[in-house]
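A short reminder: the numbers here are calculations on the coordinates, not readings from a lab. Values in this document were obtained by computation on a predicted structure and should not be read as measured data. Quick reminder, even Gly has a Cβ in these numbers, built from the backbone with ideal geometry, and neighbours come from all protein chains shown.
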Amino acid sequence: MNCGCKRRTLLGGALAGLTGAMLSTRLAFAAGDRYDGDVLVLVSLRGGFDGLSAVVPAGDAAYYQARPGIAVPKARLIGGDRSFGLHPALAPLLPFWKSGRLGAVHAVGMPAPNRSHFAAMEELERAAPGTSTRTGWLDRMVGGLGGADPFSAVSVGQARPARVLDGPAPDVGLSSVDAFVLNGESDAKPIAATMAALYADAPAALAGTATRLLDALDTARDLQAAGYTPANGAAYPDSELGHALRDVARLVKSDVGLMTATVDVGDWDMHENLNRRMPGQLADFAAALAAFATDLGPAGLGRVTLVTISEFGRRVTENGSGGLDHGYGNAMFVLGGHVRGGRVHGRWPGLAPAKLVGGDLAVTTDYRSVIAEILRTRCGVNDTAAIFPGVEPANLGLVTS
C-alpha cells in the first residue's frame, strides 16, 4: 500500500514511497509536560450501529412489539438486569462487564437527527455544529494537551477517519505498525538519510514535516525490531478490528507518547437480514475488545479508556426485509480500568410511539457530553468547551478519577 501525505503534500513526491502509513503535514504544537492522562481509544462503528440490538431494552415491552421478527429474546440476554441485557454474541466481554470495566450509555447521539451516512459522520467527527470550527475534535484534544510527538495521535487500520484528526496537531495514520516503512529503503539505498539531508536547510514548514516523518520511521523501526507478542494469553481475532487493536495495545505498551488512537470498523448498515449478520459482527467486535483488554492487563487498562461511537442508530421498528433503516438515538460502549461498568448509564426515554423522534429512539444525552466527561476526568482536559463548543461534560459518573 502506497500513501502520500494526508492533506497538504508539502513534501511532494518524497513521501510517495511511504508504505503502510500516512503522516500529516502540519506544524506541531509546542511540547509541554509529559502527558500522563489516559490514552483515549476511539472505535468508530461506521454504517449506523444498532444499539438496541447490542444493549437490549428488555424491560421495555415496546421493543418486542416493534421487532417481532428480530428482537433478541429475553432468555438469551446476558449480563442484564430488569431493564437491559447484552446480546449473547457479546459473551467475550461479559467478564469485563461483570468486573465493572465495561459499561454502556444509552439514548445517546447528536443534537439533531441526521440520517445521511456521510453528512452524519462528518458532523460527528467535527463535533461543533453551529460554529465555524472545521477541525476534528480529536485534533483539538491533542492540540490542547500539547501533543507534539509523531505518535501523539494515530489512526490504525485500512479505513481511516476523514475528519476527526483534521487540523494542526500532529498525527500518524498507519495500516499496521509492521507496514510502516519507506518503499525501497535499505543499507544500499538510504532513502531516509537522503531525505534528512535534503530538508536540513529547508523552511520550517518543510523541515518540520520531514523531521516528524523520520522520527516516526525511527520509532516504527524500533518497534518492528522488538517484535510483539500479546500478553496474558490474549487471542485477537483475525479481522481488521482485531489487527488494529493489537497494534494499539502495542503502541500503548511501547511508551511512544500516545495520547489517542482511532480505529474504524464498518459493515453495520444492516437494512436486511439483521439476525443473520449482527451476531457475527458483534462476536468479532467483542473478541477484539476482550483481547485488547486482556493484552493490556489491569495496569495497562488502568491508563486507557476506549469509547465507541457511530453516526446514528437504527429505526425502532423492523422493516420488511428483516433489517433496520437509518435511525437516531444509539448506545455507546466504554471500556477501561476506571470505568464504572456493569450497568447502562443515561436516561432511558422509552420506546412507546409517543416517546419516539420520527419513529426513532430519542436522544437524551449528547454523545459529546459523554466524551467530555471522560476527557475531563481521565485525560486532564480542563477546558472541554474548547473541544466541544457549547457542550458541558455529562455527570453520569461513568468514570472515576
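Within straight-line reach of Lys355, meaning a Cα separation under 20 Å, sit the following aspartates and glutamates at least 8 residues removed in sequence or on another chain: Asp50, Asp60, Glu318, Asp325, Asp366. Listed by chain and number, the aspartates and glutamates placed with their C-alpha closer than 16 angstrom to that of Lys98 are Asp81; residues fewer than eight positions away on the same chain are left out. The protection proxy used here, the mean number of other Cβ atoms lying within 10 Å of each residue, ranks peptides 313-321, 92-100 as follows, highest first: 313-321, 92-100. Which shape class applies to the stretch 244-385: rounded if a/c is under 1.5, otherwise prolate when a/b exceeds b/c and oblate if not, where a ≥ b ≥ c are the square roots of the Cα gyration tensor eigenvalues? The shape class here is oblate.
Using unit Cβ charges (K, R positive; D, E negative) and no other charged atoms, how large, in debye to the nearest 20, is the dipole of the stretch 211-276 about its Cα centre?
Working: 6 positive and 11 negative charges, 57 e Å.
It comes to approximately 280 debye.
Give the shape of the stretch 44-109 as rounded, prolate or oblate, defined through the alpha-carbon gyration tensor: a ≥ b ≥ c are the square roots of its eigenvalues, a/c under 1.5 means rounded, and otherwise the shape is prolate if a/b is larger than b/c and oblate if not. Here the stretch 44-109 falls in the oblate category.
Positive end of the dipole of the stretch 215-374, charges at C-beta (+1 Lys, Arg; -1 Asp, Glu), about the Cα centre: which of Leu245, Ala226, Val316 has its Cα farthest in that direction? Looking along the dipole axis, the top candidate is Val316. Multiplying the residue separation of Thr400 and Thr131 by 0.36 nm and removing their Cα-Cα distance gives an extension gain of 93.7 nm.
For the stretch 91-161, a Kirkwood radius taken over Cα pairs fed into Stokes-Einstein (4 °C, viscosity 1.567 mPa s) yields D = 84 µm²/s.
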